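Quick notes on the structure that follows.
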Amino acid sequence: MKTLRFPQPNLRLALLAGIAILLMILDILGMTASVAGPLERVELAVRDGLMRLRGVRPPDPEIVIVAVDDFSFNWTGYQWPWPRAYLAQIVSQLDQAGAKLVGVDIFLFEEGYDAGGDESLAAALSETPYSVAVIQIFKDENLGTVTLKTPLPLYLDALDGLGLTGVNLDNDAIGRGLQAFDTFADDVYYHWAFEIATLVLDVDRPSLTSGGLMFNGQEIPLTQGRFLVNFAGPAGTYPTYSAADVADGLVDPAVFRDKIVLIGATSITLHDVYPTPFSASELTPGVEIVANAIATILSGEYLHVTPPWVNLLIILFMALLAGLIGRIRRPALALLALTGALAAYFGICFFAFARLDWYLPVTAPEAMLFLGVVVQFVEQAIAQEVEKRRVRNLFSRFLSPEMVGQLLATHDISSLNKRANVTILFSDIRGFTGLSEKMTPEEVVLLLNPYLEAMTAIIHRNGGTVDKYEGDAVIAFFGEPVPHPDHAARAVRAAVEMRLELARLNRRWQAEGRLQRGLEIGIGIHTGEAFVGLLGSAQRINYTVIGDNANLASRLQDQTKIIGWPILVSEQTAQLVADEFDVEFAARQAIRGKTEMVNVYKVLGRKGAPAEERIGPLEDQSV
């Protein structure tokens, strides 16, 4: 015989492993795929949120922006591109104000339309302490050509540095970093932010190493050739002055003294504005993004992203933590632990970013922790529901629906197999075998089914469990699976009701002409310890009671034929029900299977019950 087995927690382990593997695959794909997946998009948004949560920081006081803005267009009446002579006027004003470096974020690849304008601008740039302009490596994917665009030769002689320009947008169209370098004809060109930092710090230009990019003694963290900009804030964080005001000398020269001054477009009409981590709607000019990049380089506060292997380890750790939280049996405590763990990890991520400039992975680990715990609880809820349905289907054959509901509410199926003190009831119809031989099978069924249904209802009503039916015999027990302290009284109460119900059935059957004389039943009841549990095989299972005390109840039922009394109980049961029922010593009998004599008692009925509800002797003891 095998006990019933339920699913082991291996399913939880498989679910946790499946979620962890899926998240790790999505995490790796997000780092390598050209199109952002949902996990990468969420992770990028979380990083932006961390930057906004950190808040606006003071901008580098050495950097100032001169804006080619809408006000300047309206004031001058110029269309783009402006006359080079006008740009020369701006540069001259900055030089006179004492600017340390002038950076021109304007393409000087072609000659200006104003006569002598290029010469004037080149002369003005050459007068500044340092001047830097931009170059561009243009890649035509349709033609498969690559072209290096540089300023005109007269500017090359005047400038102190040249560097790449352009803002790289992530897959979600937000600018978070700049291309640190690119190559053309075996030559390496760096972003013009590095050119400016090189001149200001008076250090060597960056150099490529096997690990990435080195500058000023620091290894710069790169992702696919890009470095992340440590933004100080949204658009307008850096002090910005209209180019027209600067050209007309309307700006206090002190604001430019010993400063890095960047000249660039801020007008949205020139299409050099981009969404950044601080705002996707309030676009930031490219020149201000460069200002943030220069500040990042000068301060050395580069943003780092954890390598893939660290991300995978964190996901695995979260899977382990989810497994531990899933072991907490109290849902409220588990929910508190989950919320605390999610908040704690987010706090660690924020601290790492705000204080250490490190981006720890947030989305995949938090998803692993949340889903890992939730899936376990869902699996547990489903398993419990399946278990309850199994128990309900199983016990509905033995218990009333109310009792089954109480069992499911108060018991765990794993606790059903045990030794317990119960009261066992055996009942049998006297002479039914001989009677059934004189009847057709249909008549037997029409007689026996209503009888068993009525007896079962009485047992259920008194909190008993039907163990089994053996032909016309009914075997039941009281006290398990739902414990009742008065299980002995419930059993005797059920026996008395069964006797009275049989009398009503006899009157009906005799009135219908089915029987000439009524049926009689014998009931034996004993209270004692027995094994109660689920026994059987995977194909067939029963909730039953076995043991010597169960056998004694069966033997007492046999004694009803000898003693001639329909309800007999053992001395143990008689003592337990004496306050509610009248019992009378019947005999001291030798019982098969027992080495000692057994005291047998008659049940006469409930104390104070009317005469028609009292129990009398069997009508025909010879049957």
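What follows draws every value from the coordinates through simple rules; no lab data is involved. The structure presented is a predicted model; accordingly, all values stated were derived computationally and were not measured. Cβ atoms come from the backbone with ideal geometry, glycine included; neighbour counts cover every protein chain shown.
Tabulated results
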read-out	value
Dipole of the chain, positive end: most advanced residue of VAL474, LEU250, PRO331 [Cβ charges, Cα centre]	VAL474
Extension reserve of the GLN224-ALA280 stretch, reckoned as 0.36 nm per residue once the Cα distance is removed	17.9 nm
Where trypsin sites (Lys or Arg not before Pro) fall in DSSP loop in the stretch 535-622, at most 15 other Cβ within 10 Å	ARG540, ARG592, LYS594, LYS607, ARG614
Under 13 Å from the Cα of LYS388 - aspartates and glutamates, other chains or at least 8 residues apart	ASP412
Beta bridges by DSSP in the stretch 89-153, antiparallel share as percent, to the nearest 5	60
Within the chain: Cβ-based charge dipole about Cα centre, in debye rounded to nearest 20 (Lys, Arg +1; Asp, Glu -1)	5260
Prolate/oblate/rounded call for the stretch 106-166, Cα gyration tensor, a/c under 1.5 rounded	oblate
Farthest positive-ward along the stretch 396-613 dipole, Cα basis, beta-carbon charges - from GLY464, GLY547, THR440	THR440
Estimated dipole of the stretch 396-613 in Debye, rounded to 20 [Cβ of Lys and Arg +1, of Asp and Glu -1, Cα centre]	260
Peptides 77-86, 379-388 ordered by average Cβ neighbours within 10 Å, highest first	77-86, 379-388
Peptide ranges 351-359, 489-497 listed from the most packed, as the mean C-beta count within 10 angstrom indicates	489-497, 351-359
Percent of beta bridges antiparallel (DSSP, the stretch 57-302, rounded to nearest 5)	55
Neighbour-limited loop hits for GluC sites (Glu not before Pro), the stretch 42-148 (at most 13 other Cβ within 10 Å; DSSP other than H, G, I, E, B)	GLU110, GLU111, GLU141
The chain: antiparallel DSSP beta bridges as a percent of all, rounded to 5	70
Proximal lysines relative to LYS100, as straight alpha-carbon distance under 29 Å, when same-chain residues fewer than 8 apart are discounted	LYS149, LYS259
Cα→Cβ-extended label distance, 7 Å offset, between ALA420 and ARG257, nm	9.4
Positive-end residue, the chain charge dipole about Cα centroid, Cβ charges, pick of ALA491, VAL64, ALA344	ALA491
DSSP-loop GluC sites (Glu not before Pro) across the stretch 427-480, with at most 10 other Cβ within 10 angstrom	GLU437
Inter-centroid distance (Cα atoms) of the stretch 413-474 relative to the stretch 549-623, Å	19
Label-zone membership for the stretch 352-390, site ALA45, 7 angstrom Cα→C-beta point, backbone N under 18 Å	361-368, 370-371
Rg and Dmax of the chain, Cα atoms only, in Å	46.1, 139
